[in-house]
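These notes are about the structure you will find just below.
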Amino acid sequence: MAMLLSVFCFVAYAQKTVTGTVVDAAGEPMIGVSVMVDGTTNGGVTDFDGNFTIKNVPENGVLKISYVGFKDQKIPVAGKNSIKVTLEEDAMGLDEIVVVGYGTMKKKDLTGSVASVKQGDIQQVAAPNAMQAMQAKVPGVDMTQSSGQAGAGVNITLRGNRSISASNSPLIIVDGVEYSGDLDVAASDIESMDILKDAASTAIYGTKGANGVIIITTKRGKSGKTRVDFNAYLAFKSPTNAVKSMYGNKEVQRWIDRANYQADLASGNWGSSNVSLSDVFGATTIAGNDQYQVVDLINRGDFVDWYDLFMQNSTSQNYEASVSGGNEKTNFSISFAGMFDKGLLKNDKMNRYSGRANIDHIINKVVKVGASMSFVYKSHDSRNNSVFDRARKMTSITTAYLPDGSINETPNVWYNAHVNPLMDEGENYSRNIETTRYQGSAYVQLTPLKGLTMKSQFAVDRTNQRDGMYNDYQSTNRYQAPSTTYIQNAPSNSTYINWQNTINYMTTFNEKHDLTVLLGHEMTQTVSEGLTLNGTAGKEHYYTQQWYDVTKMQSDVNYSSSYVKRRMLSFFGRINYAYNDRYLLSASIRADGSSVLATGKKWGYFPSVSAGWRISEENFMEGTKSWLDNLKFRIAWGMSGNAAVDPYQTIATVFNTTPNSATNFIPMSLSNPELTWETTSSLDFGFDFGFLGGRINGTIDYYITNTKDLLYYATNPASSVFTSILSNVGESKGRGIEIALNALAVKTKDFSWDINASYTHSKDELKKLADGMDKNVTGQTALIVGQPLSIYYDYETTGCWGVGEYEQYLAAHPNFKAPINNYGTPGTMKITDVNGDDQITEDDKIVYQRSPKHIIGLTNTFTYKDWALSVQAMARLGGYFQFNKNNALGLNDGDANWADVDYWTPTNQGAKFPSPGTNGTGYSNIYTTYMTSLLYEKADFFKIKDITLSYNLYKKWLEKAHISNAKIYCSLKNFFTFAKVDDFDPEAGGSINFPLAKQVIVGVNVSF
């Protein structure tokens, strides 16, 4: 017995060194593969030739070999000192680890709707915001960029709209901590990006999860060889489609057509007038040059293209470097990044510097500690939007500069109020937003028993910002009135504190039952402070002092301050159960208590339950194993909230009418102690599938959401001083279908063709408003029961009245009542009588849905040896947008220039836009009354978003320089757009300021 015991102890505790090689299916060595002694932190990674050496391996130990995109392998080493491992690609990624709320799960065990973005897609993003990697790749995500301004952010919604007064943007979590504002995490710092879409997945985040959750995990060090990475790119930017005003002979023709129209209108003989240049312009001279007549300038063709003068091609640069590594005790990752983004206008730029450090240390078998720190500094020089409006209104029949070379300050001889848009090009206007942000977190993790993990994490997020603005008295905004210099300085800061405590227990019993239990507690606090100082500084230049010296303010001095504090206490729990790797069940609940709500309403409860059935693992599916790899059915239900109630919104507020007075107060708002969160319940049905060894795989989801207690302003009794009060009174409903498909269409030794496709269809509807109302109209927007939540509500125009057409219409509709004087005049707007009651009233307005009905994404990646070509396309179909170009007409703005539109003439009576001659008294009121009906255009577009060609340098060339991998690439981004609207990118959403940019990008990725 003693001898047997001795042998057993020797086998159990003897240790040895194991060497080996890891290759792929083609026999090529794999670099950077993780090789660990299973159940320990002892291990390393493979070198250039795929070789590894692991010391202190128990004789009866098991090596776990893993690499992203490949199936894990566990190999017993008993009796072996050297092994060779061939890893197989895991096209479906069933064993891939997915980050969910306060934990992780294997992809195959998910019961909710969760999508992930590949690390390679994230690193290809050449933009300030790494979340653009999701665009057209994740079903359910609607992402657009509405501005080409330097450092511009993105607009994101998950599964449509559900709120009418609150935000519809998703919650963003970085390394377990809530992240607000634009994402300033470098793309190469991100390990994974997981998107929780259904309420069963987001309920664990309670009041903040209704709009979906995006979880970002940054890279942490791994034991083994120290790794150094360097990524850089240079982008050459130019505008896609800048909406310009009429230029040169087109503008001249508009002046002539206006004069002809007014002559025809007076005579009643349409099309008979034929005025000349001298009839229109006479002996008028150019503004600022009495020796140069307008007619002479026209004959010489010496026009001004204002956009060419103030817009520019630009560049953006990005540099990212990181060092990571570690051993069996300590792992680390340190990174630095610098982004220098220039916009398409002078003095429009954003510089960002960031640093990040993650460290983890194992003290002993029980205790593990770690910390994460990041710092971001941003300096954003922002241009004034008004430069575009000034340029659109400015005539091209002039000179930008005077004969002496100085700026022609008021170059429009017909409208002296128009200031030269170049007045802001120098030092007359400046605005700088400077931001510093520090984020730090630390944790301690205990593992006192097998399967039991206790973790406590404390995090701080501190942001300081200063927004300074200088408007010189000669800037475009101040030149005409009030002709004084304006200064503003607005510092602010915000401090967010988060403390999380979780207990996680994982166990397997009877070899078929897997159970995971999570219990947690979280406390958060946010304190924000702000101060704003602004005023005028007389008719003086302060180019040097700008906003820094507020003592220069002489009059109209205004100051305000703010202090906002909110706190939340939360408790949550989750149970995951799996039987025989086939039947999956998950349930969670969260309780949130918030300081912003009144007593008795502070707590909300958010449960969820979900189940999955891995049909492909059933015995009766044994005959499908040759072609069916995975088939899982999921069903999930849950509730989550939208924390849309602001601090102090439940209490009445007052305003001090006399400074320093203790008694002179007036009420500002009513109290409503009944306010609570908006609550969304969601039911999701889903299928996950995989065929032919994972070469074809994907997901299908159908969901229904119902949101109650929507925040909306309910009407107060007529006796109340306040006409309305914010209340929980509305309801909305949404539904949709999402499809994701991945296919490895071709796979040979040297060539592969990979397809990634996504499809999203969503529809939302307002079910209930306050006080039994079924409609509430505000300007051109409305809330209408039975209609989508985001709509425009306006008249419909069908072009302009032709010569004699109105008379024919009256003959067919003798009871028609003209809605306005001179309605029906040729060349004026024609409004549709939608309900056919022979009058134009509010009842004739129609609904223009804003949200898309379909979003389609398609990415094809072709790989040949070390070359790769990726082509990403997307389509956004359905919906309308307000195209601001359609109202950039001078009919209600004196003699301003027009946008380049197709307008009515006697020989062009099918045009959409009215004649420039209708600006006369008695006719322009038709346009001013109905002009917004011209705005609406179909928002459909298809674009080839990205084309990237890359080359991985031959590894044998790199070995002498101790480089493990090197890739060079070139990309074309945003180059090809096809839309219903000519010469415009509808992704911008109708704004004609700061057009989107197309980019040519060259870059390099190097690993040492």
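The values are calculated or read from the model by the stated rules, or taken from the named source; none is laboratory data. As the structure is a computational prediction, the values presented were derived from the model and not from experiment. Quick reminder, even Gly has a Cβ in these numbers, built from the backbone with ideal geometry, and neighbours come from all protein chains shown. Ligands, DNA and RNA are excluded from the accessible area calculation, which covers all protein heavy atoms including side chains. Shrake-Rupley method; radii C 1.70, N 1.55, O 1.52, S 1.80 Å.
Some values worked out for this structure:
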item	result
All strands (runs of 3 or more DSSP E) inside region 209-308 with 3 or more residues being touching a residue at least 12 places away in the same chain (Cβ under 8 Å) and aliphatic (A, V, I, L, M)	213-218, 224-239
Leading residue by the ranking (most open to solvent (accessible area, probe 1.4 Å)) among those in region 107-131 that are at pLDDT 85 or above and more than 25 Å from Asn498 (Cβ to Cβ)	Asp109
Only one of Leu692, Leu628, Leu670 that is surrounded by 15 or more Cβ atoms within 10 Å (Cβ to Cβ) and either in contact with an Asp or Glu (Cβ under 9 Å, 6 or more places away or on another chain) or at pLDDT 85 or above (or both)	Leu628
Candidates Phe375, Phe340, filtered to the one that is within 30 Å of Thr41 (Cβ to Cβ), part of a strand (DSSP E or B) and open to solvent by 30 Å² or more (accessible area, probe 1.4 Å)	Phe375
Residue, modelled with the highest pLDDT, within region 134-168, restricted to residues that are among the hydroxyl-bearing types (Ser, Thr, Tyr) and more than 26 Å from Ala757 (Cβ to Cβ)	Ser147
Pair list, Cβ under 6 Å, 6 or more apart: region 149-176 residue at positive phi, other residue in a loop (DSSP other than H, G, I, E, B) and open to solvent by less than 20 Å² (accessible area, probe 1.4 Å)	Arg159/Gly140
Lone qualifier among Thr551, Thr532 - being surrounded by fewer than 17 Cβ atoms within 10 Å (Cβ to Cβ) and out of contact with any strand residue (DSSP E or B) (no Cβ under 9 Å at 6 or more places or on another chain)	Thr551
Test: Asp404 is open to solvent by 60 Å² or more (accessible area, probe 1.4 Å), within 30 Å of Gln291 (Cβ to Cβ) and either of a type in the set (S, T, N, Q) or out of contact with any strand residue (DSSP E or B) (no Cβ under 7 Å at 6 or more places or on another chain) (or both)	yes
Boolean, Asp514 is in contact with a strand residue (DSSP E or B) (Cβ under 9 Å, 6 or more places away or on another chain), outside any loop (DSSP other than H, G, I, E, B) and in contact (Cβ under 8 Å) with a residue 60 or more places away in the chain	yes
Residue in region 841-852 that is open to solvent by less than 20 Å² (accessible area, probe 1.4 Å), in a loop (DSSP other than H, G, I, E, B) and modelled with pLDDT under 95 present	yes
Matching residues, region 878-919, being among the β-branched types (Val, Ile, Thr) and in a loop (DSSP other than H, G, I, E, B)	Val901, Thr907
Of the criteria (1) out of contact with any Gly (no Cβ under 6 Å at 6 or more places or on another chain); (2) of a type in the set (Ser, Thr, Tyr); (3) open to solvent by 20 Å² or more (accessible area, probe 1.4 Å); (4) closer than 28 Å to Asn756 by Cβ, which one Tyr179 fails	(3)
Hey, Thr929 open to solvent by less than 30 Å² (accessible area, probe 1.4 Å) and polar (S, T, N, Q) or not	no
Selection from region 309-337 of residues that are outside any strand (DSSP E or B), open to solvent by 10 Å² or more (accessible area, probe 1.4 Å) and hydrophobic (A, V, I, L, M, F, W, C)	Leu309
Which listed residue is of a type outside the set (A, V, I, L, M) and in contact with a helix residue (DSSP H, G or I) (Cβ under 8 Å, 6 or more places away or on another chain), from Glu427, Glu434, Glu409	Glu409
Number of the condition not met by Thr715 [criteria: (1) surrounded by fewer than 18 Cβ atoms within 10 Å (Cβ to Cβ); (2) out of contact with any helix residue (DSSP H, G or I) (no Cβ under 6 Å at 6 or more places or on another chain); (3) at pLDDT below 90]	(2)
Gly922 being in contact with a strand residue (DSSP E or B) (Cβ under 9 Å, 6 or more places away or on another chain), in a loop (DSSP other than H, G, I, E, B) and either free of Cβ contacts under 8 Å to residues at least 12 places away in the same chain or farther than 30 Å from Asp750 by Cβ (or both)	no
Whichever residue in region 768-795 is charged (D, E, K, R) and surrounded by fewer than 16 Cβ atoms within 10 Å (Cβ to Cβ) and, among such residues, is modelled with the lowest pLDDT	Asp771
Meets criteria (open to solvent by 30 Å² or more (accessible area, probe 1.4 Å), touching a residue at least 12 places away in the same chain (Cβ under 8 Å) and among the aliphatic types (A, V, I, L, M)) for Val141	no
Some residue of region 437-460 being open to solvent by less than 50 Å² (accessible area, probe 1.4 Å), more than 30 Å from Ile407 (Cβ to Cβ), in contact (Cβ under 8 Å) with a residue 12 or more places away in the chain and part of a loop (DSSP other than H, G, I, E, B)	yes
Tabulated pairs, region 320-332, first of a type in the set (D, E, K, R), second part of a loop (DSSP other than H, G, I, E, B) and crowded, with 17+ Cβ neighbours inside 10 Å, C-beta under 6 angstrom, 6+ apart or interchain	Glu320/Ala186; Glu328/Thr41; Glu328/Asn42; Glu328/Ser223
Members of region 343-370 that are surrounded by fewer than 16 Cβ atoms within 10 Å (Cβ to Cβ) and among the β-branched types (Val, Ile, Thr)	Ile363, Val366, Val367, Val369
Breaking point among (1) crowded, with 19+ Cβ neighbours inside 10 Å; (2) modelled with pLDDT under 90; (3) under 39 Å from the mean Cα position of the chain (by Cα), for Asn919	(3)
Counted residues, region 554-594 - those being assigned to a strand (DSSP E or B), of a type in the set (Asp, Glu) and open to solvent by 50 Å² or more (accessible area, probe 1.4 Å)	1
Subset of region 809-839 (residues that are open to solvent by 50 Å² or more (accessible area, probe 1.4 Å), within 45 Å of the chain's Cα centre (by Cα) and within 21 Å of Asn925 (Cα to Cα))	Gln839
Among the candidates Lys956, Lys973, Lys998, residue that is in a helix (DSSP H, G or I) and over 30 Å from Val413 (Cα atoms)	Lys956
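One line per residue, one yes/no per condition, for (1) open to solvent by 40 Å² or more (accessible area, probe 1.4 Å); (2) assigned to a strand (DSSP E or B):
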position: Asp49; (1), (2): yes, no
position: Phe52; (1), (2): no, yes
position: Asn56; (1), (2): yes, yes
position: Lys64; (1), (2): yes, yes
position: Lys74; (1), (2): yes, yes
